[in-house]
Number of protein chains: 2
Amino acid sequence: MDLMQQARASSTFNPTKLTVIIYDNEATVRARRAAFHRVEDALGLLDNMKLPHIYSGLDREGLYLEGVRRARVITNDMITHGHSHFQWLNERYQICNSSPFGMNFLMFRRTIELQGTVEQRRYWLQEIDQMRINGAYAQTELGHGTFVRGIETTATFDVDTDTFTIHCPTPTSVKYWPGGLGFSCSHAIVAARLITHGKDHGVHMFIVQIRSLEDFAPVHGVELGDLGMKMAYNGTCNGYARFNYLRVPRSSLLAAHAQVARDGTYCQAQAKVGTLPLSKRVYSTMLDTRRNIVRCVAFGLAQAATIAARYSIVREQGRLMFSDAAEEEETAIIKYKSQHYRLLSLIAQSYAILFAAKDFDFRYDQLVREQENDDHARLPFMHALSTGLKAWATTIASAGATEARKMCGGHGFVALSGLPEIEGSVSATATFEGENYVMWQQLVVYLFKQVRASCAGQNVDAEVKDYIGGVRLYLSDGASPPRIQSCDKKTLFDGSTLVLIYKKRSQRALAAAYSSYRDMCNRSSAAEAWNACMMTSLAAGQAFVEYIVLESFMKRTSPSVTRDAPVSQALSHLFSLFALTTITSPTPSFAAGSFVEHGLLTPDELNEIRVHINELLTSLLPNIAALTDAWDFTDSSLCSALGCKDGNVYERLLSWTRQLPANSGRAVEKAWEASEGIEEFFKASRL
Amino acid sequence: MDLMQQARASSTFNPTKLTVIIYDNEATVRARRAAFHRVEDALGLLDNMKLPHIYSGLDREGLYLEGVRRARVITNDMITHGHSHFQWLNERYQICNSSPFGMNFLMFRRTIELQGTVEQRRYWLQEIDQMRINGAYAQTELGHGTFVRGIETTATFDVDTDTFTIHCPTPTSVKYWPGGLGFSCSHAIVAARLITHGKDHGVHMFIVQIRSLEDFAPVHGVELGDLGMKMAYNGTCNGYARFNYLRVPRSSLLAAHAQVARDGTYCQAQAKVGTLPLSKRVYSTMLDTRRNIVRCVAFGLAQAATIAARYSIVREQGRLMFSDAAEEEETAIIKYKSQHYRLLSLIAQSYAILFAAKDFDFRYDQLVREQENDDHARLPFMHALSTGLKAWATTIASAGATEARKMCGGHGFVALSGLPEIEGSVSATATFEGENYVMWQQLVVYLFKQVRASCAGQNVDAEVKDYIGGVRLYLSDGASPPRIQSCDKKTLFDGSTLVLIYKKRSQRALAAAYSSYRDMCNRSSAAEAWNACMMTSLAAGQAFVEYIVLESFMKRTSPSVTRDAPVSQALSHLFSLFALTTITSPTPSFAAGSFVEHGLLTPDELNEIRVHINELLTSLLPNIAALTDAWDFTDSSLCSALGCKDGNVYERLLSWTRQLPANSGRAVEKAWEASEGIEEFFKASRL
C-alpha cells in the first residue's frame, strides 16, 4: 500500500483532468459517480473487504438470480433518475447484455422505433420505457447467425383466422442466443420469413408475446430455455425459443415498411420523401451499436489494465537476473521490463481505442445531422469504417484483456481476481454484432470499390479521396513507395511522421491486395478471386484502420484539446508508444512485416525505434497509476481482489477466499460421507 | 453429417497411420483406447446425446464433487490395470492437476523420492502408490511464487519437544494455489524455512499430515480452504493452508540431504559419490515436468482444433462476397479462406508442438542414461531448452485454443461447446511450473553465457557449438548476415532452406541482443543492462526455439520415419505451412519483423511465400478431417456439442440445451416468486 502511494505520488499530471477528458465533461463525471454510488449502495457492494456475491461459487440459477437483482436496481435507478449511464455499460462496466433487462432498451426498442407504424410505436415504446414489459431481440437461430437471409423460422398468414403462425420447422431454425430470451422476457421481436398465399416474402420482424403476464409461464406454442453457462454474461439468460405453430394476430407484424392486408395481400410501402429508407436506417442502427461496442471495449481493456497495473505496483517477486546476490529485497514486478512494457502497451491501446471511438462519435453526430437533411452521402464510408473499427478494437481489447490476466500469474486465473470475467466479456465482442472476419471483409469491399471507382474515373467518397489517390500511385506503376523523406531522429518520432508512415504502409498494402484481386479476377470468378486473396485483403483492411486510429489518437494529444500541458505530454508519450510498439510488435495478420517489407523503415530506424520505446517506457513509468486511476473505476465495478484502489491485495484476497461458502466444510463432508474410511474415500467403492 | 462423410472421404492418407505416430506405437493406441472406454463407461459418459454432468450448471461444490467422482474412477483404473495413461492427461485430455488426486503421484511423490531418506521412501511411497493417502505439494504462498527463496512459512525446531512448529507469520505466507489442498488431501509436502537455535537455514521440505484419517477434518493448527471458481480445473480444489503453530515430529523433515539432530544441530549431508547432487536432481524433475506440459498442450490445442474443424466442416453460413446473387445455397464455413487458413495454421501448430515434445523426449531419455553414468554435461543445455520450449509451446497453444474458440462464433462461447474449458486449461500452462517470461529469460541467460564463453575462447556446450559459432560471425564484424544463397522458388520452399532461414534469423537476433546487452553493461550494472535489453533478448530466445521446433518438425516428415508415403506428404505440407505462416504472421514479439528486417527475405520472396501458402492450403483442405481425427479423441474427452465425430452439431446442441436443469423452470419461478405482477418483477419492489 506504501508502494501504491508512491506510485501515485510520482505522477506528472493530475489524473482527474484526464478523467474529465475520458467522460467528456465534469458534469458527466459527477453524475456517473453519483449513479454508481446509489446503485452500489443499494446492492450492498460498497464494502470492498466483503466477498462479492457473484464469486461465492453460485450455480447457473444463482448467477442468473444475481443478474436479475442487479438489473432491477439499475433499471430502477435509470427510470427514477432519468439517465442512461447504464444503458450500454452496467455497474460492472460490461456491455449491457450482461443484464437480463438490457435488450429491452436497445435492440428491442430500436426495432420497434424503426419498423413499427405510428400506432405500434405509440403503444409499445411507452410500455418499454416504463418497463411494463421486457423484450428480447430474437433473430439469430441455431443454424443462422450473420447471414440473415438464411433464417428459417416462418410466419405464415392464415386468412381465415387473420393470424400469423410462427413456427420453427427444423432444429437449425430454433432461435438461439438472444439475450434475456431464456427466462426474462415477456415479449420478443421475432425475425421470421413472411409467407402469404404460399409466397415467401423474406425475413420480416414480428412482435410476439412469449410469456404470460400473469404467472410468467411461456405461452402455449413456445418452448423457452437458457443456454447454460457461458464464459461471461452469466447474469443474463441468453436463451432459445422453439416456436411450435404459435398463432399471433396480424398486428404483430411491424408494419411501417411492409403490410399484410386482411385478405392476405402483401405490399411494401414506398419510403416517403423526406424520410430515411429502411435499409439506410438499419445501417444507422448498426453504426450506433458498433460505435458503442468500440467505446465499451476501451473500458473493458482499461479495467483489465487497471487491475494488472495495481497488482504489478504492489506485487514484489524475485530479483532481476544478474542482480547482486547480497541483495535480499524482492523487486516490484512492475520494474521488470517485460511487465513494464506489456502494461504500458495495454494502457496505450485502451486510450487508442477510446479516442478512436470518440472521433467516430464526432463523425457520427455529423452524419445524423446530414441525414436529417436527407443527405446520406457519407453513410457508405461510415458503415465501412464502423465495421473496421469494431473488428480492430474488439480484437485488440480481447487479446489485451487476456494479456492483462496472464500478467497477474496464477492469481489472475482465479475468479476472485475479476479478470476471467472481464476477459470473457470483452472476448465475446469479437463475435457478436458482426463476426470480425465478416466485418473486415465489409471494410475491404468498400475500399476496393473506391479504388475501382478511382481507376475508372468515377466519383470517390470525399472522406477517402486523397487516400485512394495515394493508393493509385502504387497501383499504376507498381513502383516501390517513396521513402519518407526526412528520417533524422527528431522527425522520425514526430507525430505527423508516424501518421504518414502508417498511411503509406496501409496504402501500399491496399494497392498490393487490390492488384492481386484484380489479377485473380482475370482467371476466375469474382467470388473465387475474393476468396483466394482474402488473407492479403484483410491485412490491408487492418492497416487502414490502424492508420485511422493513429490519426484520431494524435489529435487528442494536442494541448488545445486537452487544455492541460502535463496531460498532453503524458498522452503524447502514450501515443508514440502505441505507434512505435505497433511497428515493432505488429497486430498479427498475414502481412505483419509490412512496415519493413514495404521499405518504409530501415533496420537502423527500427533499432532507433526500439531505443526510443525504452525511453518512452521510462518516461511513462511514473504515470502508470495516474493513467489507470483516470478511468475512475469504482472498486465494486472492477470487482477484483487484486485491483482495488488501495492496493491491499493480499489481505483482501485472503479475506475473500476465507469467506467462500464452499469453505464452510460441506464439500468435504459430502465427498466423505459415502466413504467408510480414507481408503474408501479415495478408491471409491461408491462411484 | 453428409458433409462430414465427404470431408473424411477426401483424405489422401489413412489417419490411423498417423494415430500410431502420435502415440508412438499400436500397442499404446490400443491400450489407451481400452482405458478410455473403461473409464468413460464407468462414468456413464458413452452416450454422446446425453448432457455431460459438468455442464449442468453446477455450483462450486458440485463441480468439485464431479471432479472427485472422475478422479476415483481414473485412480481405480490406473491401480487395477497398472498403467499411467491418466497420470499427466486425464480422461478429458487435460493436464493432471484438473484432478484432486493428481498431485499425489506427481509432485508429492517425486519430492519424497528425491528428498526422503531410505526409511522415509520405504514408508511413504507405498502409501502413495496404493492411495492410502492423498498428498499436495504446498510450496507457493499468497505472496511468493516463482521465487522460492522468498518463502516465509517457518518450521522452527524445539529441542524440548523434539518437534518442528510450522507457522505462517503473515498473510503473504499463507500457502495458496496448491492442487488438491483445499478439500482433498490428507498430507502435504510443505516448503518452509528451517530454523534451529534461532538460525534460518533456508527453505526445506516437510511432510505434514493436514487432515484426520478418521473423519477427514483439518488437524488442529491448520486452516484449509478452496480458492473458489477458476477459469478451468474446477474439478479440483486448488487451495490455501494457513498454519498456526502446528507441531509436527522431527521426522517430518525430508532428510536425505539435510538433517536436524536430536539436539537441534543442523547438518547438510554431502552428496555421495555416484549419485546425483540434489540441485541436479531437482533440475531433472523440472525437466520432466516441463516436457510433459509441452506434450499436454499439443493435445490441448489439438482438441480445440478438432472441435473447430468439425464444426467448420458442417456449419453452413452465408456466401462468398461477390458470389452470384442467384446462388441460394449457403457455404460451409471451412471454405472461407480466413477460416481455412486459421484452422490449418492451428493444426500445423499442434503437430509442431507434438513433434518438438517427442524430440525433447528423445534427448531427455539420452540425458537420463548419461546421468546414470555420472555424466551431467548436457544438463544446462537441456534445462535451457526445456524453459524455452515450455514458454513457446504454452504461448502458442494458449493463443491457438482461444483462436479455435473464436472460430466457432457464438456457439464457441457457450460451455456446451467444450471450448471455454479447453481454452482455460491450456491458458493456465502459460503460468504454472514457471511463468513464461521467467522461462524465456532463463533460456536467454544460457545462450548469452554460451556466446560469452565462445568469445572468451572457453568451452561451448556441444549441442550449440556450431550454432554459437554462427552467432559470432554476426557479432565480430557487425556485418549483415549473408543472404541464403539460392532463392529460386524450388529451393526456397525446401525444408532444409527453411530451417536455415530460421537458424540464421535466430543467430542474427541473438547477436543483436547480446551486443546490446554487452554495450549496456559498460554503462550500468549487469542487472540494469539485462533489464534494459530484456525485450530484445526475449525475441532472440523465441527465435531460437522456433528454429529448434522447425528442425524437429522436419525430421518427422521423412518417409523413413513415418514409414508411409501419403502420411509423409501430408506432414510435409503441414511443415511447410507452419514454417511459412510463421514468417508471414510471426509470433508476437519485440522483433516480429526479424525475418524481413535482417535481409533474409526480400519482398518478392515474401510474395512468393504468400502464393505458396495458398497452394499449401488447397493441398491440405481435403485432409483437415483426417489430420484431426488422427489424434483419436473420444467424443467424451472432447465433451463438446460442436465437436463429436459424427458432425451432428445442431441436434446435439439443442438436445443438450434442453436437458439443462435450469430449464426445468425453477429459475424463472424463483425470480418471479417475490413479485406480485410483471411490473413488480421488473422493477423490484424487493431488491
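The values are calculated or read from the model by the stated rules, or taken from the named source; none is laboratory data. No experiment lies behind these values; they were computed from the predicted model shown. Note that we place each Cβ from the backbone using ideal geometry, even for glycine, and neighbour counts take in every protein chain shown. Heads up: the accessible areas ignore ligands, DNA and RNA and are worked out on the full protein's heavy atoms, side chains in. Shrake-Rupley method; radii C 1.70, N 1.55, O 1.52, S 1.80 Å.
For A:R8, the conditions (1) open to solvent by 40 Å² or more (accessible area, probe 1.4 Å); (2) touching a residue at least 40 places away in the same chain (Cβ under 8 Å); (3) within 24 Å of A:Y351 (Cβ to Cβ); (4) out of contact with any helix residue (DSSP H, G or I) (no Cβ under 6 Å at 6 or more places or on another chain) are fulfilled apart from (4).
Number of residues in segment A:79-93 that are within 14 Å of chain B (Cβ to nearest Cβ), outside any loop (DSSP other than H, G, I, E, B) and modelled with pLDDT under 90 equals 1.
Could you check how many residues of segment B:320-357 are of a type in the set (G, A, S) and part of a loop (DSSP other than H, G, I, E, B)? Summing the residues that are of a type in the set (G, A, S) and part of a loop (DSSP other than H, G, I, E, B) in segment B:320-357 gives 3.
Taking residues in segment B:655-666 that are more than 8 Å from every other protein chain (Cβ to nearest Cβ), and partners anywhere that are open to solvent by 30 Å² or more (accessible area, probe 1.4 Å), the pairs with Cβ atoms closer than 7 Å and at least 6 places apart or on different chains are B:S655/B:M49.
Yes or no, residue by residue, for (1) assigned to a helix (DSSP H, G or I); (2) out of contact with any strand residue (DSSP E or B) (no Cβ under 9 Å at 6 or more places or on another chain); (3) within 30 Å of A:Y437 (Cβ to Cβ):
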{"position": "B:F381", "(1), (2), (3)": "yes, yes, no"}
{"position": "B:W392", "(1), (2), (3)": "yes, yes, yes"}
{"position": "B:T402", "(1), (2), (3)": "yes, yes, yes"}
{"position": "B:K406", "(1), (2), (3)": "yes, yes, yes"}
{"position": "B:H411", "(1), (2), (3)": "yes, no, yes"}
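Considering (1) under 20 Å from B:C296 (Cα atoms); (2) surrounded by 16 or more Cβ atoms within 10 Å (Cβ to Cβ); (3) away from every other protein chain (no Cβ under 14 Å), the lone condition that B:I74 does not fulfil carries the number (3).
Can you find, within segment B:106-156, the residue that is nearest to B:E214 (Cα to Cα) among those that are assigned to a strand (DSSP E or B) and open to solvent by 20 Å² or more (accessible area, probe 1.4 Å)? Restricting to residues being assigned to a strand (DSSP E or B) and open to solvent by 20 Å² or more (accessible area, probe 1.4 Å), the top hit is B:Y137.
Can you pull out the residues in segment A:658-676 that are open to solvent by less than 30 Å² (accessible area, probe 1.4 Å) and in contact with a helix residue (DSSP H, G or I) (Cβ under 7 Å, 6 or more places away or on another chain)? Across segment A:658-676, the qualifying residues are A:A662, A:A667, A:A671, A:S675.
Candidates in segment B:476-500 are the residues that are under 36 Å from the mean Cα position of the chain (by Cα), among the aliphatic types (A, V, I, L, M) and surrounded by fewer than 21 Cβ atoms within 10 Å (Cβ to Cβ); of these, the one that is modelled with the lowest pLDDT is B:I484.
Among the residues of segment A:30-42, those identified as surrounded by 14 or more Cβ atoms within 10 Å (Cβ to Cβ) and within 13 Å of chain B (Cβ to nearest Cβ) are A:R38, A:V39, A:E40, A:A42. Among the conditions (1) within 10 Å of chain B (Cβ to nearest Cβ); (2) open to solvent by 10 Å² or more (accessible area, probe 1.4 Å); (3) among the aliphatic types (A, V, I, L, M); (4) assigned to a helix (DSSP H, G or I), A:L617 misses just one, which is (2).
Of the residues in segment A:318-333, none is away from chain B (no Cβ under 14 Å), of a type in the set (S, T, Y) and touching a Leu at 6+ places or on another chain (Cβ under 8 Å). Residue count for segment A:532-556 under the criterion of being open to solvent by less than 10 Å² (accessible area, probe 1.4 Å) and touching an Asp or Glu at 6+ places or on another chain (Cβ under 8 Å): the result is 1.
Here's a check for you: in segment B:207-242, which residue that is aromatic (F, W, Y) and within 8 Å of chain A (Cβ to nearest Cβ) is farthest from the chain's Cα centre (by Cα)? Taking the candidates together, the pick is B:F216. Restricting attention to segment B:420-461 and to residues that are within 9 Å of chain A (Cβ to nearest Cβ) and closer than 26 Å to A:N238 by Cα, the residue that is farthest from the chain's Cα centre (by Cα) turns out to be B:P420.
When every residue of segment A:172-191 is checked against the conditions, at least one turns out to be within 31 Å of the chain's Cα centre (by Cα), open to solvent by 10 Å² or more (accessible area, probe 1.4 Å), at pLDDT 95 or above and within 10 Å of chain B (Cβ to nearest Cβ). Can you find even one residue in segment A:346-354 that is buried (at least 20 other Cβ atoms within 10 Å of the Cβ) and under 28 Å from A:W656 (Cα atoms)? Within segment A:346-354 (the criterion being buried (at least 20 other Cβ atoms within 10 Å of the Cβ) and under 28 Å from A:W656 (Cα atoms)), the answer is yes, since at least one residue qualifies. Contact map, segment B:503-520: first residue farther than 15 Å from A:D604 by Cα and open to solvent by 30 Å² or more (accessible area, probe 1.4 Å), second residue part of a helix (DSSP H, G or I) and small (G, A, S), Cβ cut-off under 7 Å, separation 6 or more or different chains; pairs are B:M520/B:A529; B:M520/B:A532. Taking every residue in segment B:356-377 that is more than 15 Å from B:V297 (Cβ to Cβ) and pairing it with any residue that is modelled with pLDDT under 95 and open to solvent by 60 Å² or more (accessible area, probe 1.4 Å), at least 6 positions away or on another chain, the pairs with Cβ-Cβ distances below 6 Å are B:H376/B:K280.
When the residues of segment A:387-419 are filtered to those that are touching a residue at least 60 places away in the same chain (Cβ under 8 Å) and of a type in the set (D, E, K, R), the one that is farthest from B:A430 (Cα to Cα) is A:K390. Here A:I396 meets the list (1) more than 18 Å from A:V545 (Cβ to Cβ); (2) open to solvent by 10 Å² or more (accessible area, probe 1.4 Å); (3) within 14 Å of chain B (Cβ to nearest Cβ); (4) out of contact with any Asp or Glu (no Cβ under 6 Å at 6 or more places or on another chain) almost entirely, failing just condition (1). In segment B:557-592, the residue that is surrounded by the fewest Cβ atoms within 10 Å (Cβ to Cβ) out of those that are among the hydroxyl-bearing types (S, T, Y) and over 26 Å from the mean Cα position of the chain (by Cα) is B:S560.
Restricting to segment A:552-595, give me the number of residues that are assigned to a helix (DSSP H, G or I), under 23 Å from A:S338 (Cβ atoms) and not aromatic (F, W, Y). The qualifying residues number 11.
Pairs only if they're at least six apart or on different chains, beta carbon under 7 angstrom, first in segment A:25-39 and touching a residue at least 60 places away in the same chain (Cβ under 8 Å), second part of a helix (DSSP H, G or I) and surrounded by 15 or more Cβ atoms within 10 Å (Cβ to Cβ); list them, first residue then second. Close Cβ pairs satisfying both conditions: A:V29/A:T19; A:V29/A:V20; A:F36/A:S637.
Specify which of the listed residues (A:L51, A:L58, A:L45) is at the interface with another protein chain (Cβ under 8 Å from one of its Cβ atoms), in a loop (DSSP other than H, G, I, E, B), modelled with pLDDT of 90 or more and over 23 Å from the mean Cα position of the chain (by Cα). Among A:L51, A:L58, A:L45, only A:L58 is at the interface with another protein chain (Cβ under 8 Å from one of its Cβ atoms), in a loop (DSSP other than H, G, I, E, B), modelled with pLDDT of 90 or more and over 23 Å from the mean Cα position of the chain (by Cα). Just a yes or no: is a residue in segment B:349-360 facing chain A (nearest Cβ under 9 Å) and either over 18 Å from B:I21 (Cα atoms) or among the aromatic types (F, W, Y) (or both)? No, every residue in segment B:349-360 fails to be facing chain A (nearest Cβ under 9 Å) and either over 18 Å from B:I21 (Cα atoms) or among the aromatic types (F, W, Y) (or both). Just one of the numbered conditions (1) more than 8 Å from every other protein chain (Cβ to nearest Cβ); (2) β-branched (V, I, T); (3) under 29 Å from A:E669 (Cα atoms) is not true of B:I195: (3).
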